[in-house]
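The next block holds one structure in the form of C-alpha cells; read it before the comments.
The values are calculated or read from the model by the stated rules, or taken from the named source; none is laboratory data. Note that this is a predicted model, so its numbers are computed, not measured. With ideal geometry, Cβ positions are generated from the backbone for all residues, glycine too; neighbour counts draw on all protein chains shown. These area figures cover heavy atoms from the full protein model, side chains too; ligands, DNA and RNA do not enter into them. Shrake-Rupley method; radii C 1.70, N 1.55, O 1.52, S 1.80 Å.
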Amino acid sequence: MMYVGICYKTEEEFRYFTRQLEMYYENISIYNLKVKMYSCVHDIIYDIENKQHFDVVFLGMERQEESLLLGIKIKQLIKEVLLIYVGQSTMLAPKALELGAFRYVIMDHKFGLSDALYSAVKEAENINKHHYIISTCRYWVKIPCADILYCYKSGKMSVIVTEKTEYKERIPLYQLYDKLKDLSNEFIMIERGEIVSISKIKSIKKNMVYLTGNIKLPVGRTYISTLRSIASSFK
C-alpha cells in the first residue's frame, strides 16, 4: 500500500483535487493507494509526527509561502516523500523545484494531477524496493536497507537495529530474514537469533564479528565459515 496526502486551502482547490481523483479512481484501486485529504496544515504535520507515513503529498499553492514552508517541514519529517505542488501559474515553479519538489502542476491542466500521481507512484515503487517496511494498525515505518546494522530476536519480536534507533516487529526472525533477502543481498545469518548486514562488517576475528559503530557480535560455529567466505567476496 502507498499513502497519499493532499493539502488544500480553498473550495476551488478541493473541487480540483476531488475531480482529478475521480478521473484516477481506477488506478487508485490498482496501485492500492490510501488517500487522505487535509484542509489544515497543522493536521498533516500532527499525523506525520505521530507516525503517519506518506509516499506522496500534494500541496495546493493558493497560499504560496505557507505551502512552500509546509513542504519544507514535511521533507524534514519524511526525507524521501515526493512533493507535488499545484498552482494557478508557473510563477512559483522554479522555487518549488529548488526546494525539492518532485513535480509542479498547473491547475487548469486537465490531466496534470493524475499524470503527476502516476509518475510519483512509479518513483515511490522504485524507492520502496530498497526499504524494509513495517506496517501495523498503530504505525507505518519505512527503513532504508542501507541503514540496517543487524537484527536480533527478542521473545516473539524481531528487532531491527540502525545507527540511530531500533524498530520492533512481531514476526519470527526467519521471516524477517526472508523479507530482507528479497530486498537486498546484504544480509546473512550469523546465529539462529541474529542477522547482520555484510556491508557493515569491519572485521571478523575468531568467532566475533565487528560492525560499524563499535558493535561486536558472536558468530555461531556452524555459520563462521560461510560468513567469512561471503564477507570476503561481497562488493
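Close amide H partners of Glu191, meaning residues 5 or more places away or on another chain with modelled amide H under 5 Å apart, are Gly220. Relative to the longest principal Cα axis of the chain, at what angle does helix 11-23 sit, 0 to 90 degrees, rounded to 10? That works out to roughly 60 degrees. Taking 8 Å as the Cα distance limit and 6 or more residues as the minimum spacing, I'd like the relative contact order of the chain as a percentage. Computed over the chain, the figure is 12 percent. Considering only Gly220, Leu183, Tyr3, the residue lying farthest towards the positive end of the dipole of the chain is Gly220, judged by Cα position with unit charges set on Cβ.
I want to verify the translational diffusion coefficient of the chain in µm²/s; compute it with Stokes-Einstein, Rh as the Kirkwood radius over Cα pairs, at 20 °C and 1.002 mPa s. The estimated diffusion coefficient comes to 108 µm²/s.
Sorted by packing (mean other beta-carbon atoms within 10 Å per residue), highest first, where do 71-77, 165-171 land? Working shown, then result.
Details: 71-77: 15.7, 165-171: 13.9.
Result, highest mean first: 71-77, 165-171.
Here the contact order of the stretch 31-118, divided by its residue count and restricted to Cα pairs under 8 Å and six or more residues apart, works out to 23 percent. Remark: the stretch 175-189, residue by residue, has Karplus-estimated 3J(HN,Hα) of 6, 4, 4, 4, 5, 5, 5, 5, 8, 7, 8, 7, 9, 8, 6 Hz, where x stands for each Gly or Pro and the curve is 6.51 cos²θ - 1.76 cosθ + 1.60 at θ = phi - 60°. The simple Förster model, with R0 at 22 Å and r as the Cβ-Cβ distance, assigns Lys216 and Lys51 a FRET efficiency of 0.10.
With the contact rule set at Cα under 8 Å and sequence spacing of 6 or more, what percent relative contact order holds for the stretch 132-235?
On the way: 155 pairs, mean separation 18.9, N = 104.
For the stretch 132-235, the relative contact order is 18 percent.
For the chain, the share of accessible area belonging to carbon and sulfur comes to 49 percent (1.4 Å probe, ligands and nucleic acids excluded). Label reach from Asp147 (point 7 Å along Cα→C-beta): in the stretch 41-69, amide nitrogens under 20 Å belong to 45-57. Among Ser232, His130, Met91, whose Cα sits farthest toward the positive end of the charge dipole of the chain (+1 at Cβ of Lys/Arg, -1 at Cβ of Asp/Glu, about the Cα centre)? It is Ser232, whose Cα lies furthest towards the positive end. Neighbours of Tyr8 by Cβ distance under 11 Å: Lys/Arg scored +1, Asp/Glu scored -1, total -1. Take each peptide in 214-224, 2-12, 55-65, 183-193, count the other Cβ atoms within 10 Å of every residue, and average; sorted highest first, the result is 55-65, 2-12, 183-193, 214-224. As a rough guide to protection, the peptides 126-132, 80-86 ranked by mean Cβ packing within 10 Å, highest first, stand as 80-86, 126-132. Here the gap between His130 and Lys79, fully extended at 0.36 nm per residue and compared with their Cα-Cα distance, gives a gain of 16.9 nm. Cross-link pairs exceeding 31 Å in C-alpha to C-alpha distance, out of Lys9/Lys51; Lys36/Lys156; Lys79/Lys181; Lys142/Lys202; Lys73/Lys181, comprise Lys36/Lys156; Lys73/Lys181.
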